[in-house]
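Structure first, then comments.
The values are calculated or read from the model by the stated rules, or taken from the named source; none is laboratory data. Everything numeric in this text was worked out from a predicted model, so none of it was measured. Methodologically, a virtual Cβ is constructed for each residue, glycine included, from the backbone with ideal geometry; neighbour enumeration extends over all protein chains shown. All accessible areas refer to the heavy atoms of the entire protein, side chains included, with ligands and DNA or RNA removed. Shrake-Rupley method; radii C 1.70, N 1.55, O 1.52, S 1.80 Å.
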Amino acid sequence: MTGTTPASFTADDYKARMERAARQAADAGLAGLLVAPGPDLVWLTGYTPTAVTERLTLLVLAAGRDPVLVVPTLEAPDAEHAAGAPALTLRDWTDGKDPYAATAALLDADGRYGISDNTWALHLLGLQQALPGTSYAALTEALPMLRAVKDAAELDLLAAAGAAADAAFEEIRGVAFAGRREADVAADLAALLRRSGHSQVDFTIVASGPNGANPHHEAGDRVVGRGDMVVLDFGGLKDGYGSDTSRTVHVGEPTDEERRVHDLVREAQEAGFRAVRPGAACQDVDRAARAVIAGAGYGEYFIHRTGHGIGVTTHEPPYMIEGEERPLVPGMCFSVEPGVYLPGRFGVRIEDIVAVTGDGGRRLNNTTREMVIVD
Ligand code: ZN
Ligand code: ZN
Ligand code: ZN
């Protein structure tokens, strides 16, 4: 993945994030955190290498110690330009040297470390070999809420990304659907996302007719026809923060059943949104949305969790799912996206990003949730 560094964050912001992360790691009984290139590194330092390769780049965080970024010598000049670089000590290693031995010198020989989920196995195995006494936990297992609560600047960026995705929807509802392949509509959507300021498009789902019954159908060669329901689910990164919204449109006039199922999902989405408030459990949002769908007899056709967090990625903790009892906190930001999927027939999904406020929730997507009729 490529990551941009929003200009709105300073070295002090990154320093505060790294200190908070190190403190949380210590509270969780960890000797520290090891973070390879990816969303955690972007969030903690503002740094993304131009290419992620087999050469080790690793941030080492431990409470009470200065953060150290281990980098290949040839990439050190790039790392020095990261917004968070002034808050980091760079430790570079040259080709031919053992980067794991160099990193081992920074670690406790018998420490347990949280390590970013997307760290290559190659690197984790190298560290284990260099320091056989260490042990490791996946970062999102150890600290699932590390990036979950957004500050005001992050919320502004997420709101702007949401507004940009909304602008893309307002345009796409005006294009021709009937007679074109899903992939062609998806290409339009991707272009609209980029035009509205997205630097990265993560997904442009166009799932027409029976394809709509598969929540992760992307977009293919199927030609959209008159009478089709079409699930649109699209998003990416704008200024380093994510968008993700779904609307289900219909080509021409819908049947009574299609309208009824769409109304049901809209009602479920509204119920999920209304369940958002500080102190409610994540699972309460899922339960509220699911109860509406189950109550209408469609429970078995709502086959996924209600939502996921969003931030510097488009899918991250917290998850709105049965069993997730952690409480909602102001500043958390996640999707509310119930759906009904009728195999072989059609699907409906409606998704907004919602931010937890002091006393409820605020939608970051604001296009109509009524069924939109397209041509
Ligand atoms: Zn239809
Ligand atoms: Zn989505
Ligand atoms: Zn989503």
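From the residues in region 348-362 that are in a strand (DSSP E or B) and within 14 Å of ligand 3 (Cβ to nearest atom), which one is nearest to residue 229 (Cα to Cα)?
Step by step, filter region 348-362, then rank; the result is 349.
Checking the structure you have, find out if any residue of region 253-270 is touching a Gly at 6+ places or on another chain (Cβ under 8 Å) and among the small types (Gly, Ala, Ser).
No.
Collect the residues in region 224-240 that are within 16 Å of ligand 1 (Cβ to nearest atom) and assigned to a loop (DSSP other than H, G, I, E, B), keeping them in residue-number order.
Residues of region 224-240 within 16 Å of ligand 1 (Cβ to nearest atom): 224-232.
Result: 224, 225, 226, 227, 228.
Do we find that residue 213 is in contact (Cβ under 8 Å) with a residue 24 or more places away in the chain, more than 17 Å from residue 39 (Cα to Cα) and of a type in the set (Gly, Ala, Ser) in this structure?
yes
Among the residues of region 347-371 satisfying the criterion of being open to solvent by 10 Å² or more (accessible area, probe 1.4 Å) and over 17 Å from residue 271 (Cα atoms), which is nearest to the chain's Cα centre (by Cα)?
Filtering region 347-371 for residues that are open to solvent by 10 Å² or more (accessible area, probe 1.4 Å) and over 17 Å from residue 271 (Cα atoms), the one nearest to the chain's Cα centre (by Cα) comes out as 358.
Considering region 335-375 alone, what residues qualify as being farther than 21 Å from residue 172 by Cα, in contact (Cβ under 8 Å) with a residue 60 or more places away in the chain and charged (D, E, K, R)?
Across region 335-375, the qualifying residues are 345, 359.
Do you know which of the residues in region 301-335 that are of a type in the set (Asp, Glu) and open to solvent by 10 Å² or more (accessible area, probe 1.4 Å) is farthest from ligand 3 (Cβ to nearest atom)?
Ranking the qualifying residues of region 301-335, first place goes to 325.
Name the residue that is surrounded by the fewest Cβ atoms within 10 Å (Cβ to Cβ), counting only residues in region 200-216 that are outside any strand (DSSP E or B) and modelled with pLDDT of 95 or more.
210
Considering only residues of region 336-346 that are within 16 Å of ligand 2 (Cβ to nearest atom) and in a strand (DSSP E or B), which is surrounded by the fewest Cβ atoms within 10 Å (Cβ to Cβ)?
For region 336-346, the residue satisfying everything is 341.
Looking at (1) of a type outside the set (D, E, K, R); (2) within 16 Å of ligand 1 (Cβ to nearest atom); (3) touching a strand residue (DSSP E or B) at 6+ places or on another chain (Cβ under 9 Å), which is the only condition residue 329 fails?
All conditions are met except number (2).
Sort out which residues of region 344-361 are of a type in the set (D, E, K, R) and within 16 Å of ligand 1 (Cβ to nearest atom), and write them in order of number.
Of everything in region 344-361, those that are of a type in the set (D, E, K, R) and within 16 Å of ligand 1 (Cβ to nearest atom) turn out to be 345, 349.
Please determine whether any residue of region 241-257 is surrounded by 18 or more Cβ atoms within 10 Å (Cβ to Cβ), away from ligand 1 (no atom under 16 Å from the Cβ) and part of a loop (DSSP other than H, G, I, E, B).
As a first pass, look at region 241-257 and keep what is surrounded by 18 or more Cβ atoms within 10 Å (Cβ to Cβ): 241-251, 254.
Pick out the ones that are also away from ligand 1 (no atom under 16 Å from the Cβ) and you get 241-246.
Narrowing further to those that are part of a loop (DSSP other than H, G, I, E, B): 243-244.
Yes, because at least one residue in region 241-257 is surrounded by 18 or more Cβ atoms within 10 Å (Cβ to Cβ), away from ligand 1 (no atom under 16 Å from the Cβ) and part of a loop (DSSP other than H, G, I, E, B).
Counting only residues that are away from ligand 3 (no atom under 16 Å from the Cβ) and of a type outside the set (Val, Ile, Thr), how many does region 220-257 have?
The number of residues fulfilling the criteria is 16.
Residues 181, 260, 173: which one is free of Cβ contacts under 8 Å to residues at least 24 places away in the same chain and more than 16 Å from ligand 3 (Cβ to nearest atom)? Steps first, answer last, please.
Working: 181 fails: free of Cβ contacts under 8 Å to residues at least 24 places away in the same chain; 173 fails: free of Cβ contacts under 8 Å to residues at least 24 places away in the same chain.
Criteria check complete, one pass: 260.
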